[in-house]
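These notes concern the structure reproduced below.
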Amino acid sequence: MDKAFWHQRWEEGRIGFHQDDVHPALPAYWNPVPEKLLASDDLSEAAVKGRRIVFVPLCGKSNDMVWLADQGWQVIGVELSERAVKDFFIAQGLSPVHTQVADQLSSYQAGPYLLYCGDMFHLHRQHMMAVTAVYDRASLVALPEAKRHRYAFHLAQMLSPAVEMLLVSLEHDKPAGPPFSVEAAEIEWLFGANFEITPLARLEEDERQVTDVVYRMVRKGLKSVSDRKRKSAGL
Ligand SMILES: C[S@@+](CC[C@H](N)C(=O)[O-])C[C@H]1O[C@@H](n2cnc3c(N)ncnc32)[C@H](O)[C@@H]1O
């Protein structure tokens with residue numbers, strides 16, 4: 001899957017992956033403990049609110065970003081297709097400020113959204129400094145196997161150690177993709193060295209015989225701290 005493949009799909013409107021509805025995993029399972037709170041006892045509403053920045057890799061024009069923003073999160077996304085990014089802001093009735101960030105990377109910013117337009121692999125740690133959580137729906141499954149390794153490594157490199165992740169992967173029996181079928185064993189292999197991975201739910205198979213599987217991922221060594229903070233904050 002090269003970049004031309006995705007640009008073409010967006011230009012031709014072949015975006016069957018795009019969902020009008022918010023993914024059910026979000027209302028059911030989205031409750032990461034913002035990173036800096038792990039090292040702090042300040043769990044007041046103001047403290048929690050000030051530290052909510054979520055990274056949405058390979059974001060398309062997903063309405064899940066709107067749901068996250070409605071919950072008080074600042075959203076940082078990255079998407080190859082400028083068409084997708086522009087359509088997202090049009091749908092929100094927002095006029096973003098466009099900035100050329102690097103040779104092949106620009107950003108569009110308005111309201112609670114900062115969407116980078118370019119290749120995810122052109123992002124660096126400096127773009128992720130304030131990120132406290134990650135929401136990945138259908139990014140991993142958009143990439144062929146070799147790139148999935150690069151993706152997992154790149155994410156782990158960019159993100160600060162205490163970031164929590166909610167991952168929605170897909171499983172199916174077809175030999176080809178995208179979407180590729182990425183199962184629990186591969187997720188463990190890709191992320192298990194760095195993350196404690198908890199399977200949360202398997203959704204019902206859809207009409208294409210594809211099953212969504214939801215995981216929570218917390219950096220190793222931080223899980224018990226996170227669970228304790230989550231409990232005491234009533235999250
Ligand atoms: C399967 S779609 C998922 C989109 C979105 N997460 C959603 O839930 O609707 C994958 C998206 O990743 C984008 N994409 C593919 N490779 C990328 C890359 N290397 N960097 C940034 N975006 C990429 C595609 O243009 C496409 O919009």
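The values are calculated or read from the model by the stated rules, or taken from the named source; none is laboratory data. Nothing here was measured: the structure is a model prediction, and the numbers come from that model. All Cβ positions, glycine included, derive from the backbone under ideal geometry; neighbour counts span all protein chains shown.
If you take the residues in the range 121-137 that are within 13 Å of the ligand (Cβ to nearest atom) and surrounded by 21 or more Cβ atoms within 10 Å (Cβ to Cβ), which one is farthest from Pro24 (Cα to Cα)?
Leu123
To keep it simple, each residue is scored yes or no on (1) farther than 18 Å from His23 by Cα; (2) assigned to a strand (DSSP E or B).
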{"site": "Val66", "(1), (2)": "no, no"}
{"site": "Ala69", "(1), (2)": "no, no"}
{"site": "Gly77", "(1), (2)": "no, yes"}
{"site": "Arg83", "(1), (2)": "yes, no"}
{"site": "Asp87", "(1), (2)": "yes, no"}
{"site": "Ile90", "(1), (2)": "yes, no"}
{"site": "Thr99", "(1), (2)": "yes, yes"}
{"site": "Leu114", "(1), (2)": "yes, yes"}
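Across the range 177-235, what is the total count of residues that are assigned to a helix (DSSP H, G or I) and modelled with pLDDT of 85 or more?
Matching residues across the range 177-235 total 8.
Say we look at the range 54-69 and pick out the residues that are crowded, with 21+ Cβ neighbours inside 10 Å and more than 11 Å from the ligand (Cβ to nearest atom); which of these is farthest from His154 (Cα to Cα)?
Leu68
Among the candidates Gly118, Gly77, Gly72, Gly111, which residue alone is modelled with pLDDT of 95 or more and either among the hydroxyl-bearing types (Ser, Thr, Tyr) or more than 12 Å from the ligand (Cβ to nearest atom) (or both)?
Gly111
Being assigned by TED's automatic domain parsing to the domain that holds Pro199 and without any contact (Cβ under 8 Å) to a residue 40 or more places away in the chain, is that true of even one residue in the range 159-172?
yes
Do we find that Ser95 is at pLDDT 95 or above and either part of a strand (DSSP E or B) or of a type in the set (Phe, Trp, Tyr) (or both) in this structure?
Judged against the criteria, Ser95 is not a match.
Go through the range 139-158 and report how many residues are among the aliphatic types (A, V, I, L, M) and either within 14 Å of Ser181 (Cβ to Cβ) or not assigned by TED's automatic domain parsing to the domain that holds Val182 (or both).
Summing the residues that are among the aliphatic types (A, V, I, L, M) and either within 14 Å of Ser181 (Cβ to Cβ) or not assigned by TED's automatic domain parsing to the domain that holds Val182 (or both) in the range 139-158 gives 4.
Exactly one condition in (1) outside the structural domain of Ala184 (by TED's automatic domain parsing); (2) in contact (Cβ under 8 Å) with a residue 12 or more places away in the chain; (3) charged (D, E, K, R) is not met by Asp103; state its number.
Of everything listed in (1) outside the structural domain of Ala184 (by TED's automatic domain parsing); (2) in contact (Cβ under 8 Å) with a residue 12 or more places away in the chain; (3) charged (D, E, K, R), Asp103 misses just condition (2).
Need the failing condition index for Leu143 against (1) near the ligand (Cβ under 9 Å from one of its atoms); (2) touching a Phe, Trp or Tyr at 6+ places or on another chain (Cβ under 6 Å); (3) under 13 Å from Ile76 (Cβ atoms), just the number.
That leaves (3) as the condition not met.
Got at least one residue in the range 145-156 being in a strand (DSSP E or B), within 14 Å of the chain's Cα centre (by Cα) and surrounded by 20 or more Cβ atoms within 10 Å (Cβ to Cβ)?
The answer is no; no qualifying residue exists.
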